[in-house]
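The values are calculated or read from the model by the stated rules, or taken from the named source; none is laboratory data. Fair warning: this is a prediction, and the values are worked out from it, not measured in the lab. Positions of Cβ are generated from backbone atoms using ideal geometry, with glycine treated the same way; all protein chains shown enter the neighbour counts. These accessible areas exclude ligands, DNA and RNA; they are computed on the full protein's heavy atoms, side chains included. Shrake-Rupley method; radii C 1.70, N 1.55, O 1.52, S 1.80 Å.
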Amino acid sequence: MTRGEAKKLVEQMTLEEKAGLCSGKDFWRLKSVERLGIPEVMVCDGPNGLRKQSEAEGAGINDSIEAVCFPASCAEAASFDRNCMYRAGQAMGNACQAENISLLLGPGTNIKRSPIGGRNFEYYSEDPYLSAQMAAAHIKGVQSKHVGACIKHFAANNQESRRMSISSEVDERTLREIYLAAFEDAVKEAKPWAVMCSYNRLNGIFASEHHWLLTEVLKEEWGYEGMVVTDWGAVNDRVKGLEAGLDLEMPGSGGATDQQIVEAVRAGTLPEAILDEACGRIVSRIMTYAEHRDRDAVWDREKDHELAVELAKECMVLLKNDESLLPLSDQQKIVFIGKFAEKPRIQGGGSSHVNTKHQTCALDQVKTMEHVTYVSGFDTTEAVGEDALRLERQRMNDAIAAAKQAEVAVIFAGLPDSYESEGFDRKHMRLPDIQNRLIQAVAEVQPNTVVVLHNGSPVEMPWVHDVKAILETYLGGEGVGEAVVDCLFGNTNPSGKLPETFPLKLSDNPSYLNFPGETSKVEYKEGIFVGYRYYDKKEMPVLFPFGHGLSYTTFAYSDLRVDKRKFQDEEPCTVTVTITNTGDRFGKEAVQLYVQDVESKVLRPIKELKGFEKVGLMPGESKDVSFDLGKRAWAYYDVEAHDWYTEEGEFRLLVGASSQDIRLTETVYVVPYKKKKQIYTMSTILGDLYENPDVKQEIAELKKISDSMFESANQEALGEGMADMMEAQTREMPLKSLPSFSNGVISRAYLEELLNRLNR
Ligand code: BGC
């Protein structure tokens, strides 16, 4: 139903009905207005499966219906594949129709500011372009089934510590280029039915009552037509929230906040039009769902399980593979070591937790392979007490003995649930000590050691040089067991890429000194230099760079070309590259395009991701991959103009297999369509005036006077070095200082008149 049609329904509602519609009936349901045919609808968590609670209220967090657990967002993002995201979303949308769920609470697209953010597993990336693209594809998939997706948590909710009260202090450019950008394209392109505002404050104001955020940016600037819903319990002042652009409060408040709205309208302190607008947005979504309700939808969990397996395979990232140890062969004597082979960690904890009965493990998949044996090696709970410690030593010794006898040892390691969840941040970036010790000990006796990791965010790897292969599965969902074994034995060729940097150690991360902040606020002092933008600029070594991921085959990049070389930023530019599979097996490559501003007056990252495409190739096959670049590929956010701006000049296009493995480059020349309006003041320095060709005429006279003035000073000066110094000083001279340095030849009145002309 359009908002226009919804408006007509809202006109027939009483004040109480309208106020009532702006908050939930209970934890998961919205209220109905039966006399007008507006039905009660239900919502549930996402984003990697349905967490539909059978009881409206009071059910425990893990007490939900049986569902299918798809790879968590951290893993999905590693697919670098919009199609994967779409298909997972589509399957979940269908399940929602079958279960009569109108809105699925996801995807979460907050930026991974720190590797120890507790909820990183539920988010996509440290890069806003990748985040927004993945979110958009997920949303389109869910909504293709006429069920709403709810993008969350808007905005700057990048930690769990004090998540419900902390103020994220972020400057405007950083917000625009990084934190809001992770939402912007997804909102504009995929039009999610709902945007969930976050718990935290943004620069001192709660997101749930942030007018600039919810109305000026989201609804007015981005043209968002859907509804804004609170994160659960994120309301501070309900009436203020409504005025700021918050439409729906979840869960309900037992009628208390509805009453506040009614009273505010009656008292004339809240214009009823604001309430009508919010209701219109909510009604339009409820009715759209009702109109397209698919009562025949069938949720085939088996089929979705197969999809979960297929998608998990797309997400595996092969971090290291020395001497092509992987794939393993049927002829080798192999030992699987580690608890995660028996019980892999497939998802994160908290509101995204899905109740699946169909979790697969690697061990089940090798049951019939006599050449593969298993020892548990470690437990995921910490050993406390003498007996437990003795058992721990025993397990370690058994693992070492088994590794010695095998030809290959595969260690299934990872972060236990207690290390990573919604609700708290990680304390450090390490695996449990027992696992690090075990990997080290096994690697000492077995040169062919492989580590398979299960974790929602980066870990330090003190043993990285001692093992030959590392396979990162992230939290791969219920199909991870099949997917891992397929990758290990080469039935699947890994094709995932890291959607984030793995730093060498936590203290290398740019947010390190300002995470998670102090009691009331956290300052984003690293600004736009998040993730690879920082490591690149600082020329810092990392453990594994953004975009990295190996394959069992090899790819050649050739023939990079652009459809134009000099153009205005508003014109689209198409970049094409040919990729060839030069190995001997089928493989997929996620080709990445970064853009670099060759010279800039403002501080910019070395390069930024502006395109990616995954392509599948048979041995010897070649395909062209194209990227369409628009204005945002070149622009930065100009805080003076409060707008995006492209600085005229050369831009380098960098195409590669990771942010550190650039294979081909091209250069284009971009001219801004809209020139930046310069405002000159008495503090403007001569150098800035001289550099602007547009004011050459206007300042010709001033330049002549000041040049002659400084030339005569020059002649009196001694030596060449002094001449350079004088020239530099001239360029640094603010207009206001000219009257005194020119001994009155240039008057203040003359300068004021000049400024008037320049700024006209
Ligand atoms: C989480 C949301 C979730 C909601 C409902 C909140 O605590 O932050 O992501 O959708 O609960 O479970």
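Details
- Criterion violated by LEU755 - all others in (1) in contact with a helix residue (DSSP H, G or I) (Cβ under 9 Å, 6 or more places away or on another chain); (2) assigned to a loop (DSSP other than H, G, I, E, B) satisfied: (2)
- Applying the criterion of being part of a loop (DSSP other than H, G, I, E, B), open to solvent by 30 Å² or more (accessible area, probe 1.4 Å) and more than 12 Å from the ligand (Cβ to nearest atom) to the residues of region 346-361, the residue that is farthest from LEU488 (Cα to Cα) is LYS357.
- Answer residue from region 233-244, given it is touching a residue at least 60 places away in the same chain (Cβ under 8 Å) and within 16 Å of the ligand (Cβ to nearest atom) and is surrounded by the most Cβ atoms within 10 Å (Cβ to Cβ) among those: ALA234
- Residues that are touching a helix residue (DSSP H, G or I) at 6+ places or on another chain (Cβ under 6 Å) and hydrophobic (A, V, I, L, M, F, W, C) within region 313-330 comprise CYS315, MET316, VAL317, LEU328, listed in sequence order.
- LYS497 being open to solvent by 40 Å² or more (accessible area, probe 1.4 Å) and either touching a helix residue (DSSP H, G or I) at 6+ places or on another chain (Cβ under 8 Å) or basic (Lys, Arg) (or both): no
- Residues considered: ARG345, ARG301. Of these, the only one that is touching a residue at least 40 places away in the same chain (Cβ under 8 Å) and outside the structural domain of LYS404 (by TED's automatic domain parsing) is ARG301.
- Once region 135-192 is narrowed to residues that are within 15 Å of the ligand (Cβ to nearest atom) and surrounded by fewer than 20 Cβ atoms within 10 Å (Cβ to Cβ), the residue that is nearest to LYS607 (Cα to Cα) is SER161.
- Once region 412-424 is narrowed to residues that are closer than 15 Å to TYR474 by Cα and more than 16 Å from the ligand (Cβ to nearest atom), the residue that is surrounded by the fewest Cβ atoms within 10 Å (Cβ to Cβ) is ASP417.
- Contacts under 7 angstrom Cβ, first residue in region 271-284 being assigned by TED's automatic domain parsing to the domain that holds ARG29, partner of a type in the set (Lys, Arg) and open to solvent by 70 Å² or more (accessible area, probe 1.4 Å), 6 or more apart: GLY280/LYS7
- So GLY254, is it assigned by TED's automatic domain parsing to the domain that holds HIS153, surrounded by fewer than 19 Cβ atoms within 10 Å (Cβ to Cβ), farther than 23 Å from VAL43 by Cβ and away from the ligand (no atom under 16 Å from the Cβ): no
- Only a single item in (1) assigned to a loop (DSSP other than H, G, I, E, B); (2) touching a residue at least 40 places away in the same chain (Cβ under 8 Å); (3) surrounded by fewer than 21 Cβ atoms within 10 Å (Cβ to Cβ); (4) of a type outside the set (Asp, Glu) is not met by LYS367, and it is number (2).
- Within region 682-700, not a single residue is within 37 Å of the chain's Cα centre (by Cα), at pLDDT below 90 and open to solvent by 30 Å² or more (accessible area, probe 1.4 Å).
- Residues in region 202-226 that are within 15 Å of the ligand (Cβ to nearest atom) and not polar (S, T, N, Q): PHE206, ALA207.
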